[in-house]
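What follows is a set of notes on a single structure, which appears directly below.
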Amino acid sequence: MDFLTLIQIFDSTIRLATPLLLACLAGLYSERAGIFDIGLEGKMLMSAFFSAAVAAVTGSVWLGLLAGIASSLLLAGLHGLASITFRGNQLISGVAINFLAAGMTVLIAQDWFQQGGRTPSLFGGARFEPIDWPFAEALSGVPVVGPIYSELLSGHSVLVYIAFLAVPATWWVLYRTRFGLRLRAVGENPAAVDTAGVSVVGLRYAAVAICGVLCGIAGAYLATALQAGFVKDMTAGRGFIALAALIFAKWRPWHAMWACLLFGLLQAVALRFQNIDLGGVVIPVQAMDALPYILTVVILAGFVGKAIPPKAGGEPYVKER
Amino acid sequence: MDKMPKWADVVLIPLISLILAAILSALVILGIGEDPVAAVKLMVSGALGSTYGWGYTLYYATNFVFTGLAVAVAFHARLFNIGGEGQAMLGGLGVAMVCLYVPWPHWSIALLAAMAAAMVFGAAWAAIPAYLQAKRGSHIVITTIMFNFIAAAFLNYMLVNVMRPEGSMDPATERFPEAVHLPTLHELLAPIGISFSKAAPANVSFLVAILACFVVWALIWRTRLGYEIRAYGHSETGALYAGISPVRITIVTMLISGALAGLMAINNVMGEAERLVLNSTEGAGFIGIAVALMGRSHPFGVFLAALLFGFLYQGGAELALWTSIPRELIVVIQALVILFTGALDNMVRMPLEKLFLSLRKGSA
Amino acid sequence: MTVPAIELKGISKSFGPVQANKNISISVAPGTIHGIIGENGAGKSTLMSILYGFYKADAGEIWINGEKTEIPDSQAAIAAGIGMVFQHFKLVENFTVLENIVLGAEDGGLLAPSLAKARKELEDLEEEYELFVDPDKRIDEIGVGMQQRVEILKALYRKAEILILDEPTGVLTPAEADQLFRILHRLKEEGKTIILITHKLREIMEATDTVSVMRRGEMTATVKTSETSPEQLAELMVGRKVLLRVDKAPAKPGKPILEIENLRVTDEAGVERVKGIDLTVRAGEIVGIAGVAGNGQSELLEVLGGMRPATGSIRLNGESLPLSGPGADGQARRARHIAHVPEDRQREGLIMEFHAWENVAFGYHRDPAYQRGIFMDNAALRADTERKIEKFDVRPADAWLAAKNFSGGNQQKIVVAREIERNPDLLLVGQPTRGVDIGAIEFIHKQIVALRDQGKAILLVSVELEEIFSLSDRIAVMFDGHIMGERLPHETDERELGLLMAGVAGEAA
């Protein structure tokens, strides 16, 4: 495998890791606040559709992004309503949201575009274009550093950079701000937050809303940057891989980034090579597909360090003495 | 005192949830420019207006009874088995192996063997998440989700690389031999003079599904194991006090749950497709969640809810055929049912409880 | 007359059909310690939760320093200068002391300045009130006494002028409790107003200036502490003269039934809770284990009941009892004729959603008498339940009622009936009368004594010294996982036991 191939694989790793990372950070906010969210997939899917649909109709990818975020926020609000206001089962709510998105996107796509549940292909201003860094062209000839700069780092859409900047931002918010302190506290012991005079409901809705925004960006990235338009079920389990990455990262921002890059790499390798021949032993592509899930199970099993979720996670908060 | 009578909990709340889901679904249909009344009429005539329609409705319902029971049994131990889909896929693999690789003299013996294989494979797929939950506290919801994806990849591998007949481009096994063909309702009912559509896939598995409802009912409410499962589901510390091993109950319950989900394969793989194809489960494992929630985890409720979803599935297929409403409408309805009967349960329950409380105060 | 710091006027609150507070009025002068005493379930905590904005009263007014104040949430309570130390601490376990104190009272959006300011102020508060804690320790690294100080500091950091403490000594040793009361006096001297909720008469008599008594949601009296007596308060609490002693004949101890040697228990967190104890219980005697909650008594009972593993040796009727593995679960214990009335009937002894008749089989559901073939013989079970309901006067006498719909006393009767009617060789009893009304207490005590008189061995664990005194034929005191000593009830008094409970060893036992 030559250097350029390697660069290309890493390049596609970054592209593929981006939606995972955005969704993973989305889940991080929600779960750190004590709201389990297995509906990341649905929110991404919803946003993927609406961003592509609005971008296709208006020709503006930014309007598309806004529409995507709004639709994802709507589902996040529904999750909040079920799991915060009505203290329902967060897992069941997540399941419902995934199905709601899977059904509604196709239903509306069919109604609006009559193309069998897809949007028209996006082009021009309706897509996020790659951003070339200064001197990328000029430096591409320089050995080693050149390709890294011009191929690997430069030339991604703005959403990719947003996703990776969101990692230090999330770390900073979580550990250096009042909001972060309260957010972490409400996921560990909501009663402590409540008796300290801070609204548990407000905090949790805020966390769920941030989750909605990030899922919205993730979905929009899928439909308007990674690909050019929406197709049925286009998230293809990415929401669950993001969830897996979150567990893998033990709910910590920097670790989340590395986990998403790892899973992105697996996807990139599977995309490029199909079956991998390791000197006689052929690893089928399906094994690569399954690897993120297998790794997550191994982590969950606690064989490689125990993944302990936020203590109050999954439990609706009921005031008691 | 209970806040409201039992009948309200068992009948009224699911009914109201269902009505809410129906109203929203009607709005969705209106929203995409179709007439909900006409749609319902079409669904009813398509799903229940002919023995052909009934044949499909019952075929789907059979799938959902199995997956619904699977989720319901796990619910009794307060375990959320979201992995019915993967367990049913593996069940299909078991059925395919039994049907393809063993020469059976008669369908009845083949059915028994296929049931055993389906249950063993389904249970085996549930065993690892069960063990990890019981012994290491790994959240079973997450592990069963992961196992759904692993199952899909595994089945894909088996069909593409191992079981696909030579020369075929289709990721599927070859057709099962004629000897393992399960009698359809047409073949079962013809001897007693009832004519039933030949083309419909409903088959003898439907009777197995009914039987499974009775068995599960007896298991949960009439046996020691059922007693222990329910006790554990209500209180883990209580179970510990009574000498009921949480590890054992978690594992046994999940094995039963997985076996029930796997059992679905006798219907869709052996009874209908008569070969194993990719995505043979068609999401039935997830519909089991809606069915169990609506049926309040009781086998009779599960049976009714499965019939309802069978009707929706067949009706939805008819809708997609004759109107511009895609089949995904059913997915939306399914989502709404899960939402209202599961996650938003309190939204329906709290006002009702207040109502009953004020009624009681008024009469007291 | 000075304006009261707190005045509650006509507070009422009901939870569904249960009325927890009925038209309660109370007035507390500033700079005093006011006690609120009452039995479990009398409505004390509900009242204080209303004052702290945790619940909303159905009717009534709250006046703070002569001004009518609405307290819809904790935020408003804090703003009104009220701080509360809950019975179960409201701390984030994986946060530091400092982070817990700052939480909800930060200055500005950034954390660093808030923490720096809090650290400074904490030092001042510590100086002022002698409330020393290490601000950088995590909550899960410090003991309960320290955690309680953090709760008090939290309130003071929020400039609380009124401090409510709900059953603050439940988890403390007598020494720690004394220290707490010194702190409270100090706070009072600084002009703070303190409300102390407790069900312990001794604390009221020692610490308070005035006291209110609550009974079944109603305020029955408010008196000056100096003008009342424990007897009078007790009577006001329960509504009639209390029988402090149970009528019983002297014990006639027989052969040893239970022999414990060097028993050690390590909990899930790896903490050793029982540190090598020896204890013998003979046929025909009641051995009571006294101690502050959390000193290993619960773990001892749980080991004997098959709920947790241990090391060491336990012999029952001379034969050894497995202490770990599958032969050491609750089923195996029952097979060896050990019956167990657990400390927490709602979480352990009963399945609250089960019918009474299902609960009567709980733990004995594998008894062949309850089986018919592969199924359970529910008819036999229901017949058995009817009999037990009758014999133990369970009300309402309805075998189909779910356990949660019985009162605490009747729930406990179901448990006691189930366990005693097994005619066990050894009966384990944990907190038999916690949250049980006085009529049921007498009944349950009599049943326990009656079983003793049949020559059975009984091991009683209770945090209520009165109960220990009135039931036990022999008393062992546990502290920090050790048995500090054994005493005969007529040869000791509460003072001596209190010292042992605090870990101060008396003369060799």
Problem - In region B:314-330, the residues that are acidic (Asp, Glu) and within 13 Å of chain A (Cβ to nearest Cβ) - result: B:GLU328
Handout entry: Boolean, A:ILE84 is in contact (Cβ under 8 Å) with a residue 12 or more places away in the chain and either in contact with a Pro (Cβ under 7 Å, 6 or more places away or on another chain) or not in a helix (DSSP H, G or I) (or both)
Key = no
Handout entry: Failed item, numbered, when A:GLY313 is tested on (1) within 13 Å of chain B (Cβ to nearest Cβ); (2) among the small types (Gly, Ala, Ser); (3) over 19 Å from B:LEU132 (Cβ atoms); (4) part of a loop (DSSP other than H, G, I, E, B)
Key = (3)
Completion exercise
If you go through B:ALA70, B:ALA47, the only one that is surrounded by 24 or more Cβ atoms within 10 Å (Cβ to Cβ) and either within 30 Å of A:TRP112 (Cβ to Cβ) or charged (D, E, K, R) (or both) is B:ALA47
Problem - Conditions (1) under 24 Å from B:PHE80 (Cα atoms); (2) surrounded by 17 or more Cβ atoms within 10 Å (Cβ to Cβ); number of the one not met by B:VAL180 - result: (1)
Problem - Hey, C:LYS120 in contact (Cβ under 8 Å) with a residue 40 or more places away in the chain, away from every other protein chain (no Cβ under 14 Å) and more than 26 Å from C:SER49 (Cα to Cα) or not - result: no
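Quick grid of which residues meet (1) touching a residue at least 60 places away in the same chain (Cβ under 8 Å); (2) within 30 Å of B:LEU93 (Cβ to Cβ); (3) more than 14 Å from chain A (Cβ to nearest Cβ):
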site	(1), (2), (3)
B:ALA261	yes, yes, yes
B:MET264	yes, yes, yes
B:ALA273	no, yes, yes
B:LEU304	no, no, yes
B:LEU312	yes, yes, no
B:VAL332	yes, no, no
B:VAL337	yes, yes, no
B:PHE356	yes, no, yes
Fill in the blank from the handout: Residue pairs within 6 Å by beta carbon, gap of at least six or interchain, first lying in region B:138-155 and more than 7 Å from chain A (Cβ to nearest Cβ), second not in a helix (DSSP H, G or I), listed first then second, are B:ILE140/B:LEU79; B:THR144/B:ASN81; B:THR144/B:ILE82; B:THR144/B:GLY83; B:PHE147/B:GLY83; B:ASN148/B:GLY83
Practice task
Among residues belonging to region C:42-86 that are more than 7 Å from chain A (Cβ to nearest Cβ) and of a type in the set (S, T, N, Q), point out the one that is nearest to the chain's Cα centre (by Cα).
Solution key: C:THR46
Exercise for the section: Filter region A:168-188 down to the residues that are touching a residue at least 12 places away in the same chain (Cβ under 8 Å) and within 21 Å of the chain's Cα centre (by Cα), then identify the one that is nearest to A:VAL318 (Cα to Cα). Expected result: A:GLY187
Problem - Single condition A:VAL198 does not satisfy, out of (1) part of a helix (DSSP H, G or I); (2) at the interface with chain C (Cβ under 10 Å from one of its Cβ atoms) - result: (1)
Practice task
Tally the residues that are assigned to a loop (DSSP other than H, G, I, E, B), away from every other protein chain (no Cβ under 11 Å) and among the small types (Gly, Ala, Ser), restricting the search to region A:87-135.
Solution key: 1
Practice task
Note down all Cβ pairs under 6 Å where the first residue falls in region C:14-35 and is within 14 Å of another protein chain (Cβ to nearest Cβ), the second is assigned to a loop (DSSP other than H, G, I, E, B), and they're at least six residues apart or on different chains.
Solution key: C:PRO17/B:MET1; C:GLN19/C:GLY217; C:ALA20/C:GLY43; C:ALA20/C:GLY217; C:ASN21/C:GLY43; C:ASN21/C:GLY217
Fill in the blank from the handout: Reported set for region B:46-80 where residues are in a loop (DSSP other than H, G, I, E, B) and either touching a residue at least 60 places away in the same chain (Cβ under 8 Å) or in contact with a strand residue (DSSP E or B) (Cβ under 8 Å, 6 or more places away or on another chain) (or both) is B:SER50, B:ALA77, B:ARG78, B:LEU79, B:PHE80
Fill in the blank from the handout: Selection from region C:334-349 of residues within 7 Å of chain B (Cβ to nearest Cβ) and out of contact with any strand residue (DSSP E or B) (no Cβ under 7 Å at 6 or more places or on another chain) yields C:ARG334, C:ARG347, C:GLU348
Problem - Residues (over 13 Å from A:THR13 (Cβ atoms), in contact with a Leu (Cβ under 7 Å, 6 or more places away or on another chain), of a type in the set (Gly, Ala, Ser) and in a helix (DSSP H, G or I)) located in region A:248-301 - result: A:ALA256
Problem - Hits in region C:265-278 - residues which are part of a strand (DSSP E or B) and either under 24 Å from the mean Cα position of the chain (by Cα) or not assigned by TED's automatic domain parsing to the domain that holds C:GLU302 (or both) - result: C:VAL265, C:THR266, C:GLU272, C:ARG273, C:VAL274, C:LYS275, C:ILE277
Problem - Flag for C:ALA155 being among the small types (Gly, Ala, Ser), crowded, with 22+ Cβ neighbours inside 10 Å and at pLDDT 90 or above - result: yes
Practice task
Would you confirm whether any residue within region C:390-408 is more than 14 Å from chain B (Cβ to nearest Cβ), touching a residue at least 12 places away in the same chain (Cβ under 8 Å), in a helix (DSSP H, G or I) and within 25 Å of the chain's Cα centre (by Cα)?
Solution key: yes
Fill in the blank from the handout: Filter region C:355-375 for residues that are facing chain B (nearest Cβ under 7 Å) and in contact (Cβ under 8 Å) with a residue 12 or more places away in the chain; the one that is nearest to C:GLY318 (Cα to Cα) is C:GLY363
Exercise for the section: Taking the residues in region B:203-241 that are without any contact (Cβ under 8 Å) to a residue 12 or more places away in the chain and of a type in the set (Gly, Ala, Ser) as candidates, determine which candidate is farthest from the other protein chains (Cβ to nearest Cβ). Expected result: B:ALA239
Problem - Complete set of residues in region B:23-37 that are without any contact (Cβ under 8 Å) to a residue 60 or more places away in the chain and of a type in the set (A, V, I, L, M, F, W, C) - result: B:ILE23, B:ALA26, B:LEU27, B:LEU30, B:VAL37
Fill in the blank from the handout: Of all helices (runs of 4 or more DSSP H) fully inside region C:1-117, the set with 1 or more residues that are outside the structural domain of C:GLU161 (by TED's automatic domain parsing) and aromatic (Phe, Trp, Tyr) is none
Handout entry: Which listed residue is away from chain C (no Cβ under 14 Å) and without any contact (Cβ under 8 Å) to a residue 60 or more places away in the chain, from B:VAL277, B:VAL269, B:VAL252
Key = B:VAL252
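Matching residues to (1) in contact with a strand residue (DSSP E or B) (Cβ under 9 Å, 6 or more places away or on another chain); (2) modelled with pLDDT of 90 or more; (3) within 20 Å of C:GLU167 (Cα to Cα):
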{"site": "C:THR46", "(1), (2), (3)": "yes, no, yes"}
{"site": "C:TYR55", "(1), (2), (3)": "yes, no, yes"}
{"site": "C:GLU61", "(1), (2), (3)": "yes, yes, no"}
{"site": "C:ASN65", "(1), (2), (3)": "yes, yes, no"}
{"site": "C:ASN94", "(1), (2), (3)": "yes, yes, no"}
{"site": "C:ASN100", "(1), (2), (3)": "no, yes, no"}
{"site": "C:ALA105", "(1), (2), (3)": "no, yes, no"}
{"site": "C:LEU110", "(1), (2), (3)": "yes, yes, no"}
{"site": "C:PRO113", "(1), (2), (3)": "no, yes, no"}
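The values are calculated or read from the model by the stated rules, or taken from the named source; none is laboratory data. Everything quoted here is computed from the prediction, not taken from an experiment. Please note: Cβ atoms are built from the backbone with ideal geometry, for glycine as well, and neighbour counts cover all protein chains shown.
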